[in-house]
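The structure under discussion appears below in the form of structure tokens.
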Amino acid sequence: MFDKIYLASASGTESVVKKELTRLNYEPGGAEYGLIPVTGGIPDAVKLNMALRTANRVYMCVAEGMCDTFDALYEFVRAVPFEDFLPSDARVIVNAKSHRSALFALSAVQRVVKRAVCDRMGGTMSESGTTYPLLCVLNENRALLMLDTTGESLHKRGYRTYVGDAPIRETLAAAMLLLAGYRGGVLIDPFCGSGTIPIEAAMIATDTAPGLNRAFAFENFGMFSAKTVRDVRESLTAEIKIDAKPEICGYDIDPKACETALRHLSAAGLEGKVHFQRRDVKELSSRFNFGHIVTNPPYGIRLGTDKELKKLYRCLSERYAAMRGFTLGVITAYPFFEKDFGRRPDRKRKLYNSEIESVYYIFNAPNKAR
Ligand SMILES: C[S@@+](CC[C@H](N)C(=O)[O-])C[C@H]1O[C@@H](n2cnc3c(N)ncnc32)[C@H](O)[C@@H]1O
């Protein structure tokens with residue numbers, strides 16, 4: 001047990017989660033139902049929780065098997081030696097998901113799994129101790145029982161304490177940056193809002209693991225020793241390039257947004273790594289010849305009317321035309337983006353921005369850095 005890990009990723013971000021895993025020296029298997037498997041034990045689960053920028057959650061596999069009846073599910077779960085890792089006062093919470101499987105009534109699946117765990121543990125559990133969240137996924141009758149080691153989703157890095165207008169999830173911001181090929185250097189977000197994209201860029205540019213300043217569910221699990229957690233945190237901290245000067249700018253027309261962004265930058269421990277300034281996109285330019293623009297402009301659904309958006313996207317297009325050494329990545333749910341922006345993207349993919357179906361458009365820099 002505990003030699004396989006599953007990473008949960010948002011729809012459209014599976015390939016970028018896999019790339020991150022490869023960079024961290026793991027060999028990811030194929031994504032199924034948003035879950036990407038890797039071989040790894042407890043120290044790996046700690047490292048992946050702290051280091052991955054784009055995954056939502058890290059699960060440790062407890063058991064896998066075929067189950068197409070509730071009896072089979074009960075026997076499958078009851079065969080797991082829970083006593084090896086659950087304390088007798090554990091509070092076990094069970095969630096369930098089902099996809100193309102004979103067992104699809106989720107509350108019944110949850111009940112059967114919970115009863116099997118309780119029976120295996122001797123029939124009674126006081127449930128007064130640490131919470132152990134289990135997830136049972138049934139996919140084409142294959143049951144996957146996993147322990148959620150993350151707790152609050154990984155997009156909650158801990159630095160975003162003030163809420164701005166329509167903020168983007170931190171994991172999605174990181175995925176946009178990595179998909180556009182950003183690894184450090186010049187980055188501009190002309191619609192920075194509360195600063196999420198520039199702050200994630202600063203973390204990438206300085207090799208700062210995004211989970212160093214937050215708590216995880218695993219910290220309360222007995223089998224995760226405090227020494228293992230400390231060792232992983234120390235080794236990731238040692239990798240931070242404190243002296244990196246990445247040249248990252250975040251602009252917004254709203255001065256309050258810039259203030260909020262600065263507070264978030266400081267909460268992330270990255271003071272001085274991003275320059276935030278009140279600026280209209282009409283004035284977008286850079287003193288550099290090469291770099292990236294990655295941004296999340298107003299959408300229409302949440303901010304702005306169609307007429308204003310048309311003007312805004314035309315303006316972005318005009319300013320971008322003069323920045324020929326810049327790769328541009330824009331996420332929007334505005335349906336007329338390509339028409340109003342006036343050019344075809346080199347790549348595009350469907351991504352979800354807090355449940356809103358959006359498209360991420362990438363325009364490669366016409367002039368390449370030598
Ligand atoms: C969708 S929000 C960006 C949210 C941001 N990604 C975050 O995580 O907080 C769009 C931002 O565009 C800004 N904005 C609207 N019109 C603008 C303009 N003409 N120039 C610059 N910023 C503008 C708004 O003030 C708002 O903060």
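Just so it is clear, none of the values below were taken in a lab; they were calculated from the coordinates. Model, not experiment: these values are computed from the prediction. Don't worry about glycine lacking a Cβ; one is built from the backbone with ideal geometry, like all the others, and counts go over all protein chains shown.
General observations
- Relative contact order %, the chain, counting alpha carbon pairs below 8 Å whose residues are six or more apart: 15 percent
- Once the Cα atoms are used to define both axes, helix 255-267 deviates from the longest principal axis of the chain by about 50 degrees.
- Ascending count of other beta-carbon atoms within 10 Å, so fewest first, for Arg343, Arg120: Arg343, Arg120
- Percent of Cα-Cα distances greater than 41 Å, calculated over the chain: 20 percent
- Label separation (Lys156 vs Glu219): 1.2 nm, computed from points 7 Å beyond Cα along the C-beta direction.
- D_trans [Stokes-Einstein, Kirkwood Rh over alpha-carbon pairs] for segment 4-148, 20 °C, 1.002 mPa s, µm² s⁻¹: 136 µm²/s
- In this calculation the C-beta distance from Ser285 to Lys348 is compared with R0 = 25 Å, giving a FRET efficiency of 0.50.
- Under 19 Å from a label point set 7 Å out along the Cα-to-Cβ vector of Met121, the amide N atoms of segment 66-100 belong to 74-96.
- Nearest-ten-degree value, helix 306-321 long axis tilted from longest Cα axis of the chain: 70 degrees
- Taking the longest Cα principal axis of the chain as reference, the axis of helix 170-179 is set at about 60 degrees.
- Two-site label geometry, His275 and Arg314: point separation in nm, points 7 Å out along Cα→Cβ: 3.0 nm
- For Phe276, the residues whose amide H sits under 5 Å from its own are Gly250, ignoring neighbours fewer than 5 places away on the same chain, with H placed 1.01 Å from N.
- Whole-Hz couplings from phi, Karplus 6.51/-1.76/1.60, listed for segment 45-60; x for Gly and Pro: 4, 5, 4, 5, 4, 7, 9, 6, 9, 10, 7, 8, 7, 10, 10, 9
- Sequence-distant residues sharing a close amide H with Ala96 (under 5 Å, placed H): Cys136
- Peptide ranges 235-248, 312-325, 137-150 listed from the most packed, as the mean C-beta count within 10 angstrom indicates: 137-150, 312-325, 235-248
- For a paramagnetic label modelled on Ala333 (point 7 Å from Cα along Cα→Cβ), amide N atoms under 11 Å away belong, within segment 265-300, to 299-300.
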